[in-house]
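Student: Take a look at the following structure, please.
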Amino acid sequence: MSIKVKLKYWILLLFFMGKSISVSAQNRMLSGKVTDLNSTLLSNVNISLRNGKNLILRSLYTNENGAYALLITDSLSKDPTLFLQATYLGFKKKQIQLKTNKSIYDFLLEIDPVELSEVNIKNKPTITKRGDTLSYSVNSFARNEDRSIGDVLKHLPGVIVGDDGKISFNGQPISNLFIGGDDLMGGRYGLATRSISKDLIKNIEVLKNHQPIKVLEDKILTNNIAMNLVLKDENSLKLSGEGMLGAGVPSQFDAALNLIALNKRLKMLNSAKTNNSGIDYRSDFKDLSSDNSLISNHFSKPEFLTSNGTTGAPDLPRKNYYDNKSAVINLNNLVNTKKGLQMRFNVQGFTDQNSLAHTSKVANYLPGDTIIFNERQTLTQKTNLINTGFSVSKNDYRVFFNNTLNFNVKHDQYLSPLNFNGLGFNQRLTNQAYDFSNNFSYIPKLKNSDIIILKWNVNYFSNPQRLFIDEGINPEVMNNNTKYNGLTQNVKIPVFFSDVSSNFIIPDALVKQNYQIGISNEFKQLNSNIRIFDTDPAGHNYPNDAGNALNWQSHKFYINASYSLKTDIWQLSLSSPLQLQLVRYNQPEYQIDKKTNQLSVGPYVNVNLKTGDENYINADLSYVNNMGDVNSVYRGSILTNYRTLQNNDADLQVKKNLRFGLKYHLEKSIDLAFSNIGINFSQIMASSIAFTLLSDNIQQTVLVPVKNNSSRLSVHTDFSKYFFLLKGKIELSANYSKLKTNLYLNNQLLPYFNNNLILNFGYDTKLANVISLNYNLAYGYTEGGQKNEEFKKFNFTTTRFDQYLTLTYSPTDQLSIEANAQQIINRQQENLTSRFFLMNSNLRYKLFNNRIDLGLEATNLFNTKNYTTSSISSSQLQERIYNIRGTMVILRVIYIL
């Protein structure tokens, strides 16, 4: 059977499946409003349709006007036992029996007072639960020393805030952070949590199973968790914020201005900052949201292919080593019109210069040989970027519309003198990125309550790079054993991407159905050129390259049928995307002109079983069959760094990925206890493998047609609880992962393993109302190496202990004194132990009715100079020593608007 015939067969099969399930029945609309005895309209009231056995057949929540509309089939409405039930926290439950000729049912709810035993709630944190929403009272968890809402978030049980500002709830990253119900930051919410005062926020809501598109509520089920900051006053427009000036030694400065206005119609968070005191602004404009597949662009941007070194940044808080001069302007403005239209404008401008010095030793353990790489590098980086985004949207229960236009430009320049195995030379690397995208989505609700989704996403991206090395390194490889003076590596991958798709959703049948059809087109060109400079000033091309350009086209035609079924106890989701991918690539200088077609099915199954009011078991299984990218078929050579040369000698790579996950989620929100345990397994079967040839001064990597299977097993658990007797929260987590794969080194295929265990303990409390304590302990153990008996002597282990302790003394509302210490111990089996200790202090005092803050900060009090760490990667054991910032003292004056 031909591919075209198969495709037509699948389309017809899916079409008739949808028709058979929807059954072309007549529909009946039930509607009404919910009020209390004072005629106040009640929003978020749960309305459920139940039968005589009290089983929930349909359910939804009233909108902001207290109204609801529920569609049922005519055949279902003939059941004489059907009734509607309204439930709302603090009100008596009410039921209304359905009548044959009646479609409007209004509810009048009475307050249900609940007698409480006498308790002292002076210091007891407050959390409430309503449906799928948990609400933390900010006043219950805030402390005197807290300034921003981000400080309060760190005290909440079940909530973890990462070093980059990313927020997770009970082990799952939040999909987005909303402010007063609106996405002001466009997913870049790090600035918001650090800038918005805790005094502006009443509650912090955790929204489970969150569906941000109102027209799709109860239509497309999600497992997303979002967070919303509930404003204390959303009706008045009041400008707030702060201005800050700081200066210190040695030659330190810090200045900032934040202007904030938040109400129902207008939201504004605008900021301008500059410093050289180690504060990194990158997290202010980092996209921290998780992907929403309904409105996001599926385009994956190409990575930069060359770099100026092989050693990354140290695994320390960035402020410890970030020697910088930075400035940023961050503008975020949102307007809600009376007609329901929302306009948002986001702009970030950033300039930065920073430096980092380090030395490293890399031991490459091979059968019969050990190759040592010694490096010493001083890196200076200059960065300039502009991010712009403008969106127009409408989001109500009848229609969703969104158009988001983004244009981003970035320029990086690196100067990096380097000494490698005794050879000194200079490097200069320039990276640029141009990114333009427009994402359009339109989702109307049809008269029969069916839904259509229309999307069109386009993206243009280019990333030109230029690496210059002023020394003729490795002439035996780079210039046919002839000495030369230097080289340049130029590389870029310009890409144009377009994706058009349409969904048809049948939400009111017993089985919710979602049918999608779409086409995506991708046009790429990989251009790479290595230029060798010797006696001829103009230079010549790298002699072992026949050409330097590869043209690539990829066209995907896809159909996806998704089904979901939900009862009171369990929920089942199933999708079966069918994809036809057509790939063509050509590189004339290597006589390559190939076409590849692939028809694949990627089934996905997710099962959710409730084991209690807040507890559930979730299992998912998926299988994905993907083809490689332009990088895997480019036949020319790319100098990915000064000692690594990469090329390919295989056809287009094919990867088959089988993944299984199982998670048990336990929650007792009233007791402020949250925990989960999960296991994940994945197996990747690839048609090619990277062959690495190591010599004394260079590493050559070639992708060759040898099959490689890799598997990874991981187990994780998290526990977070607020203990009232201890007046604080305790957090425990454990993560274990086991990797099995193969390494192809110096003509030998070696089985390789890597096991990793990480344990964490955290305690955050307030003692005697004047002392706050935060303590974190982390233990990490890693082992890796070859599994065969002959090479077991090349197996390695490393262990690491991290301790963080912060003590804050706040004798009055005006004064707080903080001291924090960090200790790291790194050990590896060759009796190499490194220790690192850092101590900082901070004093704050409020003046003039808390309108002015004086802050005195001292960092690295013992003037620690270096940080040493070791790690295992494939067949390498790496030891690195970094220079860090010395002692610094800075005085800040902050004026609160």
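The values are calculated or read from the model by the stated rules, or taken from the named source; none is laboratory data. Predicted model only: the values in this text are computed from it and were never measured. Positions of Cβ are generated from backbone atoms using ideal geometry, with glycine treated the same way; all protein chains shown enter the neighbour counts.
Student: Could we say that Thr717 is touching a residue at least 24 places away in the same chain (Cβ under 8 Å), closer than 30 Å to Gly422 by Cα and either of a type outside the set (Phe, Trp, Tyr) or outside any strand (DSSP E or B) (or both) here?
Tutor: So Thr717 does not fit the description; no.
Student: So if I check each of Leu832, Leu847, Leu856, Leu843, which one is surrounded by fewer than 16 Cβ atoms within 10 Å (Cβ to Cβ) and within 20 Å of Ala247 (Cα to Cα)? Walk me through how you get there before you give the answer.
Tutor: Details: Leu832 fails: within 20 Å of Ala247 (Cα to Cα); Leu856 fails: surrounded by fewer than 16 Cβ atoms within 10 Å (Cβ to Cβ); Leu843 fails: surrounded by fewer than 16 Cβ atoms within 10 Å (Cβ to Cβ).
Matching residue, one of Leu832, Leu847, Leu856, Leu843: Leu847.
Student: Does Asn263 satisfy the condition of being surrounded by fewer than 17 Cβ atoms within 10 Å (Cβ to Cβ) and of a type outside the set (A, V, I, L, M, F, W, C)?
Tutor: Values: surrounded by fewer than 17 Cβ atoms within 10 Å (Cβ to Cβ): yes; of a type outside the set (A, V, I, L, M, F, W, C): yes.
Taking the combined requirement at face value, the residue satisfies it.
Student: Report, by residue number, each residue of region 567-609 that is outside any strand (DSSP E or B) and either buried (at least 16 other Cβ atoms within 10 Å of the Cβ) or out of contact with any Gly (no Cβ under 9 Å at 6 or more places or on another chain) (or both). Full working, then the answer.
Tutor: Restricting attention to region 567-609, the residues satisfying the condition of being outside any strand (DSSP E or B) are 567-569, 576-577, 588-591, 602-603.
Hits for region 567-609 are Thr567, Asp568, Ile569, Ser576, Pro577, Gln591, Gly602, Pro603.
Student: For the structure I just gave you, tell me whether Leu259 is within 23 Å of the chain's Cα centre (by Cα) and at pLDDT 95 or above. Before you say what the answer is, go through the steps one by one.
Tutor: Working: within 23 Å of the chain's Cα centre (by Cα): no; at pLDDT 95 or above: yes.
Against the criterion (within 23 Å of the chain's Cα centre (by Cα) and at pLDDT 95 or above), Leu259 does not qualify.
Student: Grab the strands (runs of 3 or more DSSP E) fully contained in region 374-453, keeping just those with 2 or more residues being surrounded by 15 or more Cβ atoms within 10 Å (Cβ to Cβ).
Tutor: Working: elements: 399-415, 418-420, 423-425, 427-444.
Because the criterion is at least 2 residues that are surrounded by 15 or more Cβ atoms within 10 Å (Cβ to Cβ), the strands (runs of 3 or more DSSP E) in region 374-453 that meet it are 399-415, 418-420, 427-444.
Student: Name the residues in region 115-163 that are among the aliphatic types (A, V, I, L, M), buried (at least 20 other Cβ atoms within 10 Å of the Cβ) and at pLDDT 90 or above, would you? Let's see the steps before the verdict.
Tutor: Residues of region 115-163 among the aliphatic types (A, V, I, L, M): 116, 119, 121, 127, 134, 138, 142, 149, 152-153, 156, 159-161.
When the remaining residues are screened for being buried (at least 20 other Cβ atoms within 10 Å of the Cβ), the result is 127, 134, 138, 149, 152-153, 156, 159-160.
Selection gives Leu134, Val138, Ile149, Val152, Leu153, Leu156, Val159, Ile160.
Student: While we're here: Looking at region 847-889, what strands (runs of 3 or more DSSP E) fall wholly within it and have at least 3 residues that are over 26 Å from Glu145 (Cβ atoms) and either under 33 Å from the mean Cα position of the chain (by Cα) or at pLDDT 95 or above (or both)?
Tutor: Numbers: elements: 852-859, 866-873, 876-883.
Qualifying strands (runs of 3 or more DSSP E): 866-873, 876-883.
Student: Which residues, taken from region 184-197, are more than 16 Å from the chain's Cα centre (by Cα) and not hydroxyl-bearing (Ser, Thr, Tyr)?
Tutor: Within region 184-197, Leu184, Ala192, Arg194, Ile196 qualify.
Student: Now, a different point. For Val347, which of the numbered conditions (1) buried (at least 19 other Cβ atoms within 10 Å of the Cβ); (2) at pLDDT 95 or above; (3) touching a Gly at 6+ places or on another chain (Cβ under 8 Å); (4) not hydroxyl-bearing (Ser, Thr, Tyr) fails to hold?
Tutor: The number of the failed condition is (1).
Student: Would you check if there is a residue in region 510-530 being surrounded by fewer than 20 Cβ atoms within 10 Å (Cβ to Cβ) and not in a strand (DSSP E or B)?
Tutor: yes
Student: I need the strands (runs of 3 or more DSSP E) fully contained in region 227-317, keeping only those with at least 2 residues that are polar (S, T, N, Q), in contact (Cβ under 8 Å) with a residue 12 or more places away in the chain and touching a strand residue (DSSP E or B) at 6+ places or on another chain (Cβ under 6 Å). Even if it seems obvious, please write down each step before you answer.
Tutor: On the way: elements: 239-249, 252-262, 266-275.
Fully inside region 227-317 and qualifying: 252-262, 266-275.
Student: Hey, Thr351 hits all of (1) over 24 Å from Ile201 (Cα atoms); (2) part of a loop (DSSP other than H, G, I, E, B); (3) hydroxyl-bearing (Ser, Thr, Tyr) but one; which does it fall short on?
Tutor: Of everything listed in (1) over 24 Å from Ile201 (Cα atoms); (2) part of a loop (DSSP other than H, G, I, E, B); (3) hydroxyl-bearing (Ser, Thr, Tyr), Thr351 misses just condition (2).
Student: Restricted to region 169-183, and to residues that are more than 23 Å from Phe724 (Cα to Cα) and part of a strand (DSSP E or B), which residue is nearest to the chain's Cα centre (by Cα)?
Tutor: Within region 169-183, the match that is nearest to the chain's Cα centre (by Cα) is Pro173.
Student: Considering region 327-344 alone, what residues qualify as being surrounded by fewer than 16 Cβ atoms within 10 Å (Cβ to Cβ) and not small (Gly, Ala, Ser)?
Tutor: Val335, Thr337, Lys338, Lys339, Leu341, Met343
Student: While we're looking at this one, here's another question. So which residues in region 541-556 are buried (at least 19 other Cβ atoms within 10 Å of the Cβ) and within 22 Å of Thr482 (Cβ to Cβ), if there are any at all? Outline the logic, then answer.
Tutor: Start the filter on region 541-556 by keeping residues that are buried (at least 19 other Cβ atoms within 10 Å of the Cβ), which leaves 542, 548, 550, 552, 554.
Result: Tyr542, Asn548.
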